[in-house]
Amino acid sequence: MASSILIKRSTGATAPGTITYGELAVTIGGNGTQANADDRLFVGDNNGAAQIVGGKYFTDMLDHVAGTLTASSAVVVDSNSKIDNWNVDDINLNGSTITTGTADTDLVIAANGTGKVVIQDGQELEFGTTGDVELVYNDSDSVLDIKRAAGTPDLRIADDMKITFGTNKDGSIRYDETTLDKVRVEGADWEYDNGVALKIADTTASTNSTSGAFQVVGGVGIGGKASVAELLVENDATIGDANTDNLTVNSTTIFQNGVTFNGQTNISGNTAQTGQIEIDNLRLDGNTLSTINSIQELILDPDPAGGDASGLVIIKGDLQIDGTTTTVNSANMSVNDPTIELADPTVVLTINTSATSGATSIIVDKIDGLTVGDAVSGTGIAGSTTIATITTGTKTLALNNAITQNIDAGSTITVVRGANDALDRGVKVHYHTGSAAQFGFFGYDRTGGADGAGAWTFIENATDTGTVFGVTGNRGTVVLGDLELDTDLEVQYGGTGVSSFTQYGIPYGDGSSAMQVTAAANIASPGTGADATTSYQILTVTSGGVPVWTNTIDGGTF
């Protein structure tokens, strides 16, 4: 290689006396130690002093296997940012184990002053060489867990030893082995909060107030519901003492005789009924809510008294609209999906009239957007079936293959548009210029681009001929913030401000204006013409500012 870049150099073991700000120097005696300056790389600071920035002396300390602790060498971690072990005084860290270096020496974990020894949320403190018991604070549940990790260890509390509650030991629980040989609860009363069930599994029958599986010395007050396995009421009975009391029956209720309701009847919860239900002009049949009496509108209004703009309708799950036109009249529309898909080629159709096996045509609920050649699939549809013809008036699809089994009315099939419908795809935006109403188009223009083969485009003033968009005037200007993309890209936006450069010239900045360009370099006679014929050259300038070329930069010796 022809080019050479030489810096200041010395075979001695001392630093250069003076060195220019930013200049490099090196000592290469081969005997570098901590006490001398041999095998060092220097750079001059702004006071002319030589500052050590590297050298063989330091890189030799790194010349060992990464991740292996090596005596008298630097620590170099491996690709996982790890070292194989670490020694600090009498402590050794190796793998996941912390040990003392001296036998029979305690390992002390202590925080300074009022600091704490903290085990992080979700970290386990294990007991036993095989982790028989785990102690862990579960932050998501705000609970300290004592878990049985292996084997069958127990948590043992000695006889007559209390577990107390409260800062003043207000309540306690203990096993009274000395006097009663029973588990006793003392001090504060116990209360089971809402949602906590109390079950007595003992099946001992009761013959008096001091026997049975559950014994209460005092009275029993039940402020809520009481469930009884079997309840038999003889003669007349009254439930409730006022018309504001409610009787709730959660089980299946069978009335063997007549039932008379003398007041308003309110039904909440699940009511099972087979067959359709008709209320005014609404019909509920199976999972279909529809209108009756030839009414063409089905209105969902959560707040009729508040007007059309009041209330909120919430739909859980996916929403499918099978009509031909969807109109949104709200002032604002928010969509949380990360993507919006336009012109989805897949459409689900409902069979309007049952078709028998062997038929080559079917009648469906809609044909909008379908094209001859679209692929058809579903139960009873043979593979590779496509639409052969479409009859608009009867919504009939003729198929290129006969159906393979009977298809009942109400069944569905899937059509994937595979034929070219010659339509554009995108977003149509209406606006007013201040003098006229017009609309723009963002999207894919099938005939857009310089070659007419299609392009993603923006049309400022568009025409729409059956979803084929054209241009009125020009396509318009695209502005991104302060960046306007209809002229040469200016310097302030990362461009050059010009459309072309001199061949073999070198561009250079001109403040905030468009970039300038030098003439081609002349190796034979620097600064007098264009003759760049030699490679491995370095561009510099003369004292007069004339660009010249050289193959050597020499820093000299010291």
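Values quoted throughout were computed directly from the atomic coordinates according to the rules given, and no laboratory measurement underlies them. If you're wondering where the values come from, they're calculated on a predicted model, not measured in any experiment. Note that we place each Cβ from the backbone using ideal geometry, even for glycine, and neighbour counts take in every protein chain shown.
Points worth noting:
- Cα gyration tensor of the range 23-98 - equivalent ellipsoid semi-axes, whole Å, descending: 33, 13, 12
- Dipole orientation for the chain: of the candidates Thr253, Leu155, Asn287, Asn287 has the Cα lying most toward the positive pole (charges on Cβ; Lys, Arg +1; Asp, Glu -1).
- The local environment of Val313, defined by Cβ-Cβ distances under 13 Å, has a net charge of -2 under the rule Lys, Arg +1 and Asp, Glu -1.
- Take 96-105, 437-446 and order them by the average number of nearby Cβ atoms within 10 Å per residue, most first; the result is 437-446, 96-105.
- The charge dipole of the chain, taken about its Cα centre with unit charges on the Cβ atoms of Lys, Arg (+1), Asp and Glu (-1) only, comes to about 1440 debye.
- Calculated FRET efficiency, Leu312 to Ile146, Cβ-Cβ distance, R0 = 56 Å: about 0.75 to the nearest 0.05.
- Estimated inter-spin distance, Asp78 and Val117, nm [label 7 Å along Cα→Cβ]: 3.1
- Our estimate of slack between Thr346 and Thr99, defined as 0.36 nm per intervening residue step minus the Cα-Cα distance, is 82.4 nm.
- Compared with the rule-of-thumb size 2.2 N^0.38 Å for a compact globular protein, the range 346-416 has a Cα radius of gyration ratio of 0.93.
- In summary, the chain shows an alpha-carbon radius of gyration equal to 1.82 times the 2.2 N^0.38 Å reference for compact globular proteins.
- Peptides 164-177, 329-342, 365-378 ranked from most to least packed by the mean count of surrounding Cβ atoms within 10 Å: 365-378, 164-177, 329-342.
- Evaluated with a Cβ-only charge set (Lys, Arg +1; Asp, Glu -1), the range 425-476 carries a dipole of roughly 100 debye about its Cα centre, given to the nearest 20.
- Cβ charges +1 (Lys, Arg) and -1 (Asp, Glu), total dipole of the range 1-135, debye: 1060
- When the listed pairs Lys116/Lys169; Lys56/Lys82; Lys162/Lys225; Lys169/Lys225 are checked against a 29 Å cut-off, the alpha-carbon distance exceeds it for Lys162/Lys225; Lys169/Lys225.
- The local environment of Ile277, defined by Cβ-Cβ distances under 10 Å, has a net charge of -1 under the rule Lys, Arg +1 and Asp, Glu -1.
- Taking all Cα pairs closer than 8 Å and separated by 6 or more residues, the relative contact order of the chain comes to 7 percent.
- Using the Cβ-Cβ distance between Ile277 and Leu423 with R0 = 51 Å, the FRET efficiency computed as 1/(1 + (r/R0)^6) comes to roughly 0.75.
- Straight-line reach from Lys8: taking Cα to Cα under 19 Å and skipping same-chain neighbours fewer than 8 places apart, the aspartates and glutamates in range are Glu23, Asp38, Asp39, Asp45, Asp554.
- Kirkwood-type hydrodynamic radius, the range 425-476: 11.1 Å, calculated from all non-identical alpha-carbon pairs.
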